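The values are calculated or read from the model by the stated rules, or taken from the named source; none is laboratory data. On a predicted model such as this, the values are computed, not experimentally measured, just so you know. All Cβ positions, glycine included, derive from the backbone under ideal geometry; neighbour counts span all protein chains shown.
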2 protein chains.
Amino acid sequence: MSKATIKDVARVAGVSLKTVSRVINNEPTVKEATRKKVRAVIDDLKYQPDMSARNLRGNKSYAIGLVYDNPNPYYVVDVQEGVLKACREMGYSLQIHPCDAAHDGIVQELCDLVNNSRLAGLVIAPPVSENEAITNALAEHGIHFVRIISASEPPKGKAPCVYVNDRAAARSVAEHLIDHGHTRIAFLSGEEEHLSTPERRAGFKEALKAHGISVDDSLVLPGAYSFDSGFERATKLMERSDRPSAIFGCNDEIAAGALAAVKTSGLTVPGDVAIAGFENSPFSQHSRPPLTTAAQSIGEIARQAMMLLIAEMRPQALAEGEVQTTTAEFVPELIERPSTA
Amino acid sequence: MSKATIKDVARVAGVSLKTVSRVINNEPTVKEATRKKVRAVIDDLKYQPDMSARNLRGNKSYAIGLVYDNPNPYYVVDVQEGVLKACREMGYSLQIHPCDAAHDGIVQELCDLVNNSRLAGLVIAPPVSENEAITNALAEHGIHFVRIISASEPPKGKAPCVYVNDRAAARSVAEHLIDHGHTRIAFLSGEEEHLSTPERRAGFKEALKAHGISVDDSLVLPGAYSFDSGFERATKLMERSDRPSAIFGCNDEIAAGALAAVKTSGLTVPGDVAIAGFENSPFSQHSRPPLTTAAQSIGEIARQAMMLLIAEMRPQALAEGEVQTTTAEFVPELIERPSTA
DNA sequence: GGTCAACATGACAACGTTGACTATTCAGTC
DNA sequence: GACTGAATAGTCAACGTTGTCATGTTGACC
């Protein structure tokens, strides 16, 4: 009762193994009538090709790896679901690979992963995807991969890439604050190694400049993508006599920390200080008041990444008309909530 | 340069394919000298057996599936890492399978998963693992699996199981509150479908009784494992004239919501109301004040689950002396933080 | 009607591994 | 020295799929 093989399909449909194989793989040289007949049998028997056999036979593989090193589980889980969904649709299996981007042997580790697990390609999430030493090395080893990165324009280089325009989104958030009358706005950065930090900060500064507001560098503070880091920096800011009237956290965790700090200082949000975050994580939804933020549909981004990867690996697998691009842009969307009202 | 096969090893070592296979699989009928020689060549060539070929050949498979439906990404990511680590150690590959436990076709879905992906077995996390309709059906289909559940004693039935003694841990948390002089303690439940809810509540009640405190049922409130649900219930509690002096949230999200509610009501924590959570999630670490909670080492639990599963599937794979148990207990540990000081 | 190309299909081997079976070696025994 | 049985090693086929190459089938054109 368990396994229907290509053999069964061939027997029932009255054709050869190879013809079934051709139908499965969308090869063109099959008569339409035959194709239909075989498809019907496939549906009927609920046949699904066996990954192991496929991988074994060709040097082609139908497994892809998802590489990430992200401190934010919400992000990780969303990316996983998006990629997994796309994998299922396209008949691939998924191998997750959490790793340490700072680890010395990371390149070797990824090469071994691809070889040992016979992976067709990799989807690489930030921050690993933003480390050029790593991606260049992978490209040299002839490994197929697609990156998800933070950038304001298509990256050069031939490797496919999905880029999230954090800069444009950060501009929107900053403009939102400016529209509400704020001119002294603090910016709490994340780690500099994450491209999202300079990108979001650039968007912030661009918005100020566009509105003729000069940037006060003493309000642009380095730090980390964590609640504690946000709390600490905001606490210091609140002690200053020239404290800002608004705080823009480079992500929601920082903003949530800042929110806690402002309240701890006895000030109100948004009355005394407006606060905005980035990423639309539960931190922004669960704080009191909920935080204005920018949302990216991670699932859709992950899906798109998979599609680009497949296009690169097996161009023929895609339907005729589909566009052959190697990059895709996503712009997170401003979500207004009470923290800036 | 990429692939060393069993053939290469055999040639270099001057033995037959089969002998190498025997060495790899720890079969006993190989002379020690031969075994050593082959092992050396294997290391030398960095040979690693090909999963696809293995899976294809035997009906045995070296892939296991991780099934979960959990709204808490922190938990999911930790479980993934724990299981993945154990998989690597034991030479298995891992296939993640997020799913909807309430979905009608879930049993069929899991059976198909096992058949189509040729999985050797499943690691099932709560709450899917606690749905007996599902696990019984899987057992009937002859599918190997191990459950991670919440329970205060080894479950009956032959399927291997890792049980987390939430009841005992909840007793510790409640006793901690009692030790601090609280007698009117509210308990904010999670969803009743999650076994952890009745278990933790039972531990809470046991502690009260053990200290001669009668349970006030109007302080034991049903709800959901969410920030909002905690916020809502705590807000109502704070409006009561006979408000409790302490709140025990069934998890940290509930507790964090309660914390926000208490502060919103103009009361202080822990001054007016003490608050404790459960799970040691970042919610408990990031709130102000940080929350007293109970911590389980999810990674270790996941690892242990994998070991039990392997023991069930391939008893011979384990080293000689290793104990052959089918259940393992973990007791979360009390972590005292300022929210109850 | 015969020729040729284009299209459609099939036969067979091969991917890397292991199970079932067979062959060899080597003590120990009569 | 031939006979056992256990210990050790090898041969071969098979898992489900697809690439290569060969074959059959169609239709258009002279």
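Checking A:Pro98 against (1) buried (at least 20 other Cβ atoms within 10 Å of the Cβ); (2) within 9 Å of chain B (Cβ to nearest Cβ); (3) under 30 Å from B:Thr5 (Cβ atoms), only one condition comes out false. Which one?
(1)
Pull out all pairs, ordered by first then second residue, where Cβ-Cβ is under 6 Å, the residues are six or more apart or on different chains, the first lies in the stretch A:5-28 and is in contact (Cβ under 8 Å) with a residue 60 or more places away in the chain and more than 14 Å from every other protein chain (Cβ to nearest Cβ), and the second is of a type in the set (A, V, I, L, M, F, W, C) and more than 7 Å from DNA strand D (Cβ to nearest atom).
none
Taking the stretch B:1-23, which residues are within 13 Å of DNA strand D (Cβ to nearest atom) and not in a helix (DSSP H, G or I)?
The answer is B:Thr5, B:Gly14, B:Val15, B:Ser16.
Where residues in the stretch A:24-47 are within 9 Å of DNA strand D (Cβ to nearest atom) and closer than 28 Å to B:Glu109 by Cβ, which of them is surrounded by the most Cβ atoms within 10 Å (Cβ to Cβ)?
Looking at the filtered set, the residue picked out is A:Tyr47.
Checking A:Glu193 against (1) in a helix (DSSP H, G or I); (2) under 24 Å from A:Tyr163 (Cα atoms), only one condition comes out false. Which one?
Single failed check for A:Glu193: (1).
Here are the criteria: (1) at pLDDT 90 or above; (2) under 35 Å from the mean Cα position of the chain (by Cα); (3) within 13 Å of DNA strand C (Cβ to nearest atom); (4) not charged (D, E, K, R). Tell me which single one B:Gly91 does not satisfy.
Result: B:Gly91 fails condition (1) only.
Looking at B:Tyr92 and the list (1) under 21 Å from A:Ala63 (Cβ atoms); (2) more than 15 Å from DNA strand D (Cβ to nearest atom); (3) surrounded by fewer than 21 Cβ atoms within 10 Å (Cβ to Cβ), which single condition is not satisfied?
(3)
Can you tell me which residue is nearest to the chain's Cα centre (by Cα) among those in the stretch A:239-266 that are more than 14 Å from chain B (Cβ to nearest Cβ) and more than 24 Å from A:Glu192 (Cβ to Cβ)?
Restricting to residues being more than 14 Å from chain B (Cβ to nearest Cβ) and more than 24 Å from A:Glu192 (Cβ to Cβ), the top hit is A:Ser245.
For residues that are of a type in the set (A, V, I, L, M) and in contact (Cβ under 8 Å) with a residue 60 or more places away in the chain, scanning just the stretch B:44-81, find the one that is nearest to the other protein chains (Cβ to nearest Cβ).
B:Val79
Can you go through B:Glu153, B:Glu130 and tell me which one is outside the structural domain of B:Phe231 (by TED's automatic domain parsing) and either closer than 26 Å to B:Gly271 by Cβ or in contact with a strand residue (DSSP E or B) (Cβ under 7 Å, 6 or more places away or on another chain) (or both)?
Sole residue among the options that is outside the structural domain of B:Phe231 (by TED's automatic domain parsing) and either closer than 26 Å to B:Gly271 by Cβ or in contact with a strand residue (DSSP E or B) (Cβ under 7 Å, 6 or more places away or on another chain) (or both): B:Glu130.
Mind checking which residues of the stretch B:24-56 are within 25 Å of B:Gly121 (Cβ to Cβ) and in a helix (DSSP H, G or I)?
B:Ile24, B:Met51, B:Ser52, B:Ala53, B:Arg54, B:Asn55, B:Leu56
Considering only the stretch B:51-65, state which residues are surrounded by 19 or more Cβ atoms within 10 Å (Cβ to Cβ) and more than 9 Å from DNA strand D (Cβ to nearest atom).
Residues satisfying the conditions are B:Met51, B:Ser61, B:Tyr62, B:Ala63, B:Ile64, B:Gly65.
Can you report the number of residues in the stretch B:10-23 which are within 12 Å of DNA strand C (Cβ to nearest atom), under 27 Å from B:Tyr92 (Cβ atoms) and surrounded by 13 or more Cβ atoms within 10 Å (Cβ to Cβ)?
Of the residues in that region, 8 qualify.
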